[in-house]
Every structure is written in structure tokens, then in C-alpha cells.
1. If each residue's Cβ is checked for other Cβ atoms within 10 Å, how do 228, 292 rank with the fewest at the top?
2. Taking other Cβ within 10 Å of each residue's Cβ, how do 320, 187, 117, 34 sort, fewest first?
3. Using the 10 angstrom Cβ neighbour count as an exposure proxy, how do 323, 102, 151, 356 rank, fewest first?
4. Is the stretch 90-245 rounded, prolate or oblate when judged by the Cα gyration tensor, a ≥ b ≥ c being the square roots of its eigenvalues, rounded requiring a/c under 1.5 and prolate requiring a/b larger than b/c?
5. Report the far tail of the P(r) of the stretch 17-68, meaning the percent of Cα-Cα pairs longer than 18 Å.
6. Cα centroid distance between the stretch 150-192 and the stretch 295-344, in Å?
7. Sum -39500 (n - 2.57) across every DSSP H segment of at least 4 residues in the chain, then divide by the residue count to get the 222 nm mean residue ellipticity, nearest 500.
8. Quick one: grab the alpha carbon gyration tensor of the stretch 1-120, order the square roots of its eigenvalues as a ≥ b ≥ c, and give me rounded if a/c is under 1.5, else prolate or oblate depending on whether a/b is larger than b/c.
Ligand SMILES: *Cc1c(COP(=O)(O)O)cnc(C)c1O
């Protein structure tokens, strides 16, 4: 079998050091250690320290671990919203966040835009009753990304609302000032190049206060995980449940590697590789960027419209060992999606771009 390279937008290629860390983890019996042991506590604190340093998270913010980003959507609504959240919706993931608020019996509002664009934040009107603005910074289903400046503008316009940002398919690339928002989250199988099954939740003290308020009002903030219990356990470098210890360990190691490479280098390389891919789809007669406004074009998930059946493109690339993503949902047959994560080397991206340009007509 030809060696396969995964350019899928998650799960995706593993970060190149994962194999080595995994071998070491097995040798050190990481999957067998107790989650109440000193050994676990030091994995917890090491991983938290590295995440905070890599993303430049404010000192008083917390890092908690969950099952996935999907879980965090639910927990944010339960812990930070009594009644009304406001969602910027421009694709399947942001829509799901909104839908979860409905499922949990809240009264969310939404500002929608066409897929492939971002809602116009100048149109956002909030009443005083609104508690939280939910933003999907990088909409993985369409490749549309909010510039961080727009998030900061929302912060300035709405100082009383909490702001929650889904950075699942953009962190650590996205250079977001976390002190300007209240909560953010990601899953590790996207830009961190790890096996799926771990979510990371970044939480400000304001979110904790809100969760305490909701609990005091007699409502549940979640039973498997809620902010108050996550915080109580994290204080001891522990989690309420038996967590995904192995992936927490690997995340600590990979963030350490990323710190060694340097976040600026990772961001510079990501921007370069994105330019290579956009150049290829702009130049090709077969593809064009689905996101037409440059300021909204994601650097980490590149989505192209294809005037050729997407599954045939996918099959052709597969023969060269390149696995790309199909379009999301009803775009399945006319889009291709390519991940540009830290795990993807310049050489691999250049080869992919070359292939895209030279697909036979
Ligand atoms: C993948 C993804 C999620 C969901 O992540 P899970 O690990 O499947 O829970 C949420 N938001 C965005 C933007 C994503 O790309």
C-alpha cells in the first residue's frame, strides 16, 4: 500500500512526533496509571502549563479537559447561559452550537449568513437580557473564518455579554487574545495532530461565577462535568472522571514540541502553506475558493468548489496517497476540503498543491 497522507480536516495527520511519544508512553505504562496518582497529577499540570504558554492564556483562566468539543458546546450552554445566548451561524458547526441551546431548553437567537461567508457583526443587536455571544471562529464545514479583529469589536460593543469562541479547527494557529473573550475550546484531532477523544476547555473566572450563580438558582449545570466540579478537581490536578490519560499525556508532549518550534514559526508556516494551496485553487481551471472574500478565507481549512465531481477528485488524489476531505453535508459532491495543520509539512502541502494544479482534464 502506498503511504497515505491525511489532509482531512480532522481526524487528520498525526503530528510528526506522536509516534515516538506513543512508544514512550507505552514503555512508561501511562495507560495503566491511576488518575488519582502523583504521576497523573504531574501529566495534568505539565499539559495545562504548556497549553497556557503556547496560547498565551491569562494566568487566572482555567484549562479543563472534556470528552470532545461537542461536549463543551453543551457545557457552555449549561454553565454560562440561564436563558438567552446569541449565535453567529454560518455553517454546520456553528448551527449545531445554536441547536444545542435549543435542545437544552434555552431561548437562543441567531445571526445567520450564507455558507462561505461570515455574519455581518454590525447587524448584531442584543438586549440586556442576552448573556453570551457564541462564535465559531473557523467554520470547518465551509472554510470561513472570523478575523480576530471582528471578535475584538464585539468585545468593545458588548462589554456585558460573555463571549465564547470555538477554535476547534484553528488553535493554535489563530492568534487570539484570550483575555478579550470569556471561554474557548478545541478538540485535539484537528490542529494538534492527535488521536480524537479529548476536548480542551479554556475558561475565565467570569464563567465560573456564572455557573455558581446558575447552581445557586437551583438549576443543573451538568452532572458528568460542570464548571464547579471541574474546577475543584483541577485544583488538585485531577479530573472528576477517569479521563483520556494517554491523549492528555500526548497533548503535553506535542505542545512542548510546538513550544520548542515556536508559535510564531508555526503561524508563519501555516500562512505560507495556506498561500500555496489558495494559489493552486485560484490558478486551476477546475477549482475555485468557496470563500470568495479574502478576509474570511480560513488558513487552516481550505475549501474549494470543484466543477468536477468531488468524489472523483478524491479518488484520484487517493491513488497518490493523498487523502483529502469531501465537502461537508450537502456540499459533499461539489466541494473538497483540505486541512493545513501544523502536522502538514511544507513539502507535503507543496506536493498536494502541485497535484491539484495538474489533475488531468
Ligand atoms: C470538529 C469540530 C467540532 C466538534 O469536535 P468533536 O471533537 O467532534 O466534538 C466542533 N467545532 C468545530 C469548528 C469543529 O471543526
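1. Going from least to most buried by this count: 292, 228.
2. 34, 320, 117, 187
3. Going from least to most buried by this count: 102, 323, 151, 356.
4. oblate
5. Values: 618 of 1326 pairs.
It works out to 47 percent of all Cα pairs.
6. 25
7. -12500 deg cm²/dmol
8. oblate
Laboratory data are not the source of any read-out in this text; all were calculated from the coordinates shown. Because the structure is predicted, anything quoted here is derived from the model rather than measured. Glycine also receives a Cβ, built like all others from the backbone with ideal geometry; neighbour counts cover every protein chain displayed.
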